[in-house]
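Written out below as structure tokens is the structure these notes cover.
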Amino acid sequence: MIDLHYWTTPNGHKITIFLEESGLAYRIVPVDIGKGEQFAPEFLAIAPNNRIPAIVDHAPADGGAPLGLFESGAILQYLAEKTGKFLPADLRGRFETMQWLFWQMAGLGPMAGQNHHFSHYAPERIAYATERYVRETNRLYGVLNKRLADREFVAGDYSIADMACYPWIVPYERQGQNLADFPHLARWFAAIAARPAVVRAYARAAEINQQSTVTEESRKILFGQSAASVR
């Protein structure tokens, strides 16, 4: 059994997609980040960066004590290796997949996240910052569109690279992007969205969180953190 400490963000969706695709037994432990539940001591014991998602595997392959992990990319890699699914075993296929997983972790996710912040959540609109991140998101969409011009999935067969990227494309309208400008990406996006496991994953999200608005209180919790929050 996998305990998934989760909230309904793109990084959270990555893991529910994998779990639904793989058929691993799992239990969702909601962590309402708008209420500050990510600062609970029991969550910080698993995820010291106070960010979701995190997992606890109660049956790790080494037969030892339950294993806790944070960081969505590390979790995807761990689950892929645990199940032998969605990550090629051969050297070239494995690192083709891993480089696109890292691309999402280091580029698409952080840049789209800043796009969301300055476009929708910042208390004052800063034109330069908004344009900077909307344009960088646009560039990254272009990179992914070019990559998908001659292949069905991001890295060979359907893999954790696709699972990592897809949830960050879902809010494309909020990111100021038009999928019609990226036909190969749009084709891939529609194919991933239609997968039964992906449909199930997003249905789980709707069950967990039916309130997506950000209040002034939750804004302070989400965007007012410093080193003092860690202490």
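None of the figures in this text is laboratory data; all of them are computed from the coordinates on show. Bear in mind the structure is a predicted one, so any value in this text is a computation, not a measurement. Note that we place each Cβ from the backbone using ideal geometry, even for glycine, and neighbour counts take in every protein chain shown.
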Original post:
Karplus couplings for the stretch 124-130 from phi (6.51 cos²θ - 1.76 cosθ + 1.60, θ = phi - 60°), rounded to Hz, Gly and Pro as x?
Top reply: 9, 7, 10, 4, 4, 5, 4
Original post:
Relative to the present Cα-Cα distance, how much length would full extension add between residue 157 and residue 180 at 0.36 nm per residue of separation?
Top reply: 5.9 nm
Original post:
For the stretch 72-112 and the stretch 149-169, what is the separation of their C-alpha centers, rounded to whole Å?
Top reply: 10
Original post:
Which far-off residues, 5 or more places away or on another chain, put their amide H under 5 Å from the one on residue 28, with H placed in the peptide plane?
Top reply: 4
**OP:** Would you work out the charge dipole size for the chain about its Cα centre, treating the Cβ of every Lys and Arg as +1 and the Cβ of every Asp and Glu as -1, and quote it to the nearest 20 debye?
**Re:** 400
**OP:** Can you list which of the GluC sites (Glu not before Pro) found in the stretch 97-140 are DSSP loop residues with at most 11 other C-beta atoms within 10 Å?
**Re:** 124
Original post:
Label-point separation (nm) for residue 228 and residue 206, each offset 7 Å from Cα along Cα-to-Cβ?
Top reply: 4.1
**OP:** Would you mind counting up the charge near residue 195? Only other residues with Cβ under 12 Å from its Cβ, with Lys and Arg at +1 and Asp and Glu at -1.
**Re:** -2
Subject >> Count of lysine pairs in the chain with Cα separation under 25 Å (8 or more residues apart, or interchain) >> reply: 5
Subject >> Label-point separation in nm, residue 58 to residue 39, each point 7 Å along Cα→Cβ >> reply: 3.0
**OP:** May I ask which residue of 18, 61, 161 lies farthest towards the positive end of the charge dipole of the chain, with charges of +1 (Lys, Arg) and -1 (Asp, Glu) on Cβ and the Cα centre as origin?
**Re:** 161
Original post:
How far apart, in nm, are the 7 Å Cα→Cβ label points at residue 187 and residue 106?
Top reply: 2.9
**OP:** Work through the residues other than residue 53 whose Cβ is under 12 Å from its Cβ and net out their charges, Lys, Arg +1 and Asp, Glu -1.
**Re:** 0
Subject >> Bridge type composition, the chain - antiparallel percent by DSSP, nearest 5 >> reply: 65
Original post:
Going toward the positive end of the dipole of the chain, with +1 on Lys and Arg Cβ and -1 on Asp and Glu Cβ, which of 47, 134, 191 do you reach last?
Top reply: 134
**OP:** Be a star and scan the stretch 123-160 for residues whose amide nitrogen sits under 18 Å from the point 7 Å along the Cα-to-Cβ vector of residue 96.
**Re:** 144-160
Original post:
In whole Hz, what ³J(HN,Hα) sequence does the stretch 191-201 give by Karplus (6.51, -1.76, 1.60; θ = phi - 60°), x for Gly and Pro?
Top reply: 5, 5, 4, 7, 5, x, 5, 5, 4, 5, 4
